């Protein structure tokens, strides 16, 4: 296996990751109520060098969570409010002609757009047309933007944390699958519990002054991202990842009948990569230097839910990609011996 084993000092580094996770969570708790799973998934995506899409109805603190996270990190932060009239140059920047008053010569100068920051909040990303949405593609994948044939690199670390309203359809533009695939996680933000909503009302209806401490610097985050990639993955965990992802594809030999009947398109190789990286980051956040199948199961839904397209018939039945992932997690074996048998349990229809 080509995975690089952690060095001796990585043990102490792993402890620092767990400590950093606790400190960041503590800062967020000064402002955010609940959303424990959302916070964990957001931090996993950051330490795994991935982008994150938060989906939820208005008023669930999606924007507040991202802006508060940016303030707790020593990183530059820009918020881009996506609107129907937003143009690509409004995101990436544009070239303008400047005249040198001393010599009278003119030259093009690139004026950087808001994409040039460490943390980008793409607010209501589905409210802008595909042409403008595509302006993020190169930045998310290549960590650079190209304007006028000139490449402009983005300073690391770089994250796009986007929000999307799932219920408002008028005047919105669904994200293309190619762009959805660039997001490591699609995180669902649910309504708070009654007790959490009581605390929210109490906190937000009285005078409060909250001072956030900056927990991690940019270089510390880059170091932790490198540590994530050095976490070893046992062979049976890699086999489990491949079985899980390949089981979502209609035309592979190991595809169960249920998937063939209800899935139009399954997850691609990027899903396998992100499952492994997310599993590594989750293991580190819990203070471990190894990845287990439990780590993969914990991140399977946010990694896979936006990479599986169900058929019209499945949609009519209310059978979602989340439910499919749940069924697969319940039936695919987690032990090395069982994983070597390519036949899935009959409950899925082998």
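Please treat every number below as a calculation from the coordinates, not as lab data. Every value quoted in this text rests on a predicted model; they were computed, and no experiment measured them. Ideal geometry is used to build each Cβ from the backbone, glycine not excepted, and the neighbour counts take in all protein chains shown.
How big is the C-alpha Rg of region 231-342 next to the rule-of-thumb value 2.2 N^0.38 Å, as a ratio? Provide the component values of the computation, followed by the final result.
Details: Rg = 13.9 Å, N = 112, 2.2 N^0.38 = 13.2 Å.
This ratio for region 231-342 stands at 1.05.
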Cut-off 13 Å (backbone N to label point 7 Å along Cα→Cβ of residue 178), residues of region 121-161: 130-139, 141
Using the alpha-carbon atoms, what tilt in degrees (0 to 90, nearest 10) does helix 194-204 show relative to the longest principal axis of the chain? 10
Nearest-ten-degree value, helix 36-47 long axis tilted from longest Cα axis of the chain: 70
Can you give the relative contact order of region 10-216 as a percent, counting alpha carbon pairs under 8 Å and 6+ residues apart? 32
Value at 222 nm in deg cm²/dmol, rounded to 500, when DSSP H runs of n ≥ 4 in the chain each add -39,500 (n - 2.57): -13000 deg cm²/dmol
Taking a label point 7 Å from the Cα of residue 288 along Cα-to-Cβ, the residues of region 228-269 whose backbone nitrogen sits under 19 Å from it are 228-244
Over the Cα atoms of the chain, what radius of gyration and what Dmax do you get, in Å? 21.9, 80
So, by mean Cβ neighbours within 10 angstrom, what's the order for 173-185, 36-48 with the highest one leading? 36-48, 173-185
Under a crude label model (7 Å from the Cα following the beta-carbon direction), how far is residue 270 from residue 326 in nanometres? 2.7
Cα gyration tensor shape of region 49-95, rounded if a/c is under 1.5, else prolate or oblate by comparing a/b with b/c: oblate
Can you tell me the relative contact order of region 231-342? Whole percent, Cα pairs under 8 Å, sequence separation 6 or more. 33
On Cα atoms only, tilt of 62-72 relative to the major axis of the chain in degrees: 70
For the chain, modelled as a GNM with alpha-carbon contacts under 10 angstrom, which of 103, 146, 205 fluctuates the most? 103
Report the calculated FRET efficiency for residue 226 and residue 98 (r = Cβ-Cβ distance, R0 = 30 Å), to the nearest 0.05. 0.15
Determine the shape class of region 182-260: with a ≥ b ≥ c the square roots of the Cα gyration tensor eigenvalues, call it rounded for a/c under 1.5, and otherwise prolate if a/b is greater than b/c, oblate otherwise. oblate
Which one of 239, 286, 98 has the biggest mean-square fluctuation once the chain is modelled by GNM with Cα springs under 10 Å? 98
Part-to-part distance (alpha-carbon centres) for region 20-81 and region 225-244, which is given in Å: 25
Could you let me know the centre-to-centre spacing of region 249-320 and region 178-200, using Cα atoms, in angstrom? 18
Roughly what would the spin-label model give for residue 213 and residue 199, points 7 Å off Cα along C-beta, in nm? 2.0
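May I ask you to derive the FRET efficiency for residue 109 and residue 83 from their Cβ-Cβ distance with R0 = 30 Å, giving the value to the nearest 0.05?
Values: r = 27 Å, r/R0 = 0.88.
The value I calculate is 0.70.
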